[in-house]
1. So which residues in segment 92-127 are touching a Lys or Arg at 6+ places or on another chain (Cβ under 8 Å) and closer than 14 Å to residue 168 by Cβ, if there are any at all?
2. Can you find a residue that is modelled with pLDDT of 95 or more and either within 30 Å of residue 134 (Cα to Cα) or surrounded by 18 or more Cβ atoms within 10 Å (Cβ to Cβ) (or both) anywhere in segment 26-38?
3. In the set 191, 167, which member is under 21 Å from residue 82 (Cβ atoms), touching a Gly at 6+ places or on another chain (Cβ under 9 Å) and open to solvent by less than 10 Å² (accessible area, probe 1.4 Å)?
4. Among the residues of segment 68-80, count how many are over 13 Å from residue 205 (Cβ atoms) and out of contact with any Pro (no Cβ under 6 Å at 6 or more places or on another chain).
5. Have a look at 118, 93 and point out the one that is closer than 21 Å to residue 53 by Cα, at pLDDT 95 or above and in a strand (DSSP E or B).
6. Inside segment 127-164, can you point out the residues that are open to solvent by less than 40 Å² (accessible area, probe 1.4 Å) and out of contact with any Pro (no Cβ under 9 Å at 6 or more places or on another chain)?
7. Pull up segment 48-73, narrow it to residues that are of a type outside the set (A, V, I, L, M) and free of Cβ contacts under 8 Å to residues at least 40 places away in the same chain, then point me to the one that is most open to solvent (accessible area, probe 1.4 Å).
8. Taking the condition of being of a type in the set (D, E, K, R), more than 16 Å from residue 161 (Cα to Cα) and surrounded by 19 or more Cβ atoms within 10 Å (Cβ to Cβ), how many residues in segment 74-113 meet it?
Amino acid sequence: MKAQLLTAAAILTLGAGSLAFAQPPAAPPAAPAAPTPPAIVALPAKGGAKLTVTTPAFQNGADIPFANTQYQGNHFPGLAWTAGPATTKSYAIIMQDTDGPNGRIILHWTMYNIPATIRSLPADMAPEALPAGSSYGPNIQGANRPYFGPRTPAGPKHNYHIQVFALDTTLTADPAMLYPALEAALKDHVLASGEVVGLGSVDPNAPPPPARGGGGGGGGRGGPPGAGAPVGGPPAGGAPGRGPGQ
């Protein structure tokens, strides 16, 4: 009897080992998702035509003054660009932070249907003073939002791309438009594009941000109360969200 029990145990052990051996190997870890490209890459100009974009507030590749950030007033820096091709019907602008948390792009400001005769926006432009016929698009806080300057968190500087697009069309104005719809409407209509890039950093003299759930500081001109709170959101922006920096 004892020998029979030992034999049965041996058979069970061998069977279990065979089942374990037959298990398929674990799937390899998924490759990380490709980073979302900025708008000027995602929306290439036909023939690669270029615009020269400048701002009186800072040189391309230089630091953005704190006055143009949420830290100190959120004042619009001003913007100018060279003329698009003769067939240009309108211009659109997209401002993105390409150094958001976990590689996400944070959408700060969009404007579209800027008339083809307009090639500049004044410094300190009030939110309601946008050119006739033009519309604000979305930013990270939602649809139909004016300029929303940086509030760069502590750490490395962030790159803020203010991108201008000459279009062969005008868009249907939609105050509820979010970023995926805006990008889709611009696709295949870009005649020329250009950008100016500014560097954002934390203001060493700024008070610490409010605790989560405890309200928010004012965002200054162009931003509603609470605009100073850190925000995140899906890649390329487009919907309200929260995260560790902007």
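The values are calculated or read from the model by the stated rules, or taken from the named source; none is laboratory data. If you're wondering where the values come from, they're calculated on a predicted model, not measured in any experiment. Positions of Cβ are generated from backbone atoms using ideal geometry, with glycine treated the same way; all protein chains shown enter the neighbour counts. To get the accessible areas, we keep the full protein, side chains included, count just its heavy atoms, and leave off ligands, DNA and RNA. Shrake-Rupley method; radii C 1.70, N 1.55, O 1.52, S 1.80 Å.
1. 116
2. yes
3. Selected residue: 167, the only one of 191, 167 that is under 21 Å from residue 82 (Cβ atoms), touching a Gly at 6+ places or on another chain (Cβ under 9 Å) and open to solvent by less than 10 Å² (accessible area, probe 1.4 Å).
4. Number satisfying all stated conditions: 8.
5. Step by step, each of 118, 93 is checked, and only 93 is closer than 21 Å to residue 53 by Cα, at pLDDT 95 or above and in a strand (DSSP E or B).
6. If the condition is that a residue be open to solvent by less than 40 Å² (accessible area, probe 1.4 Å) and out of contact with any Pro (no Cβ under 9 Å at 6 or more places or on another chain), then 137, 138, 148, 150, 152, 164 are the ones that fit.
7. Within segment 48-73, the match that is most open to solvent (accessible area, probe 1.4 Å) is 59.
8. 0
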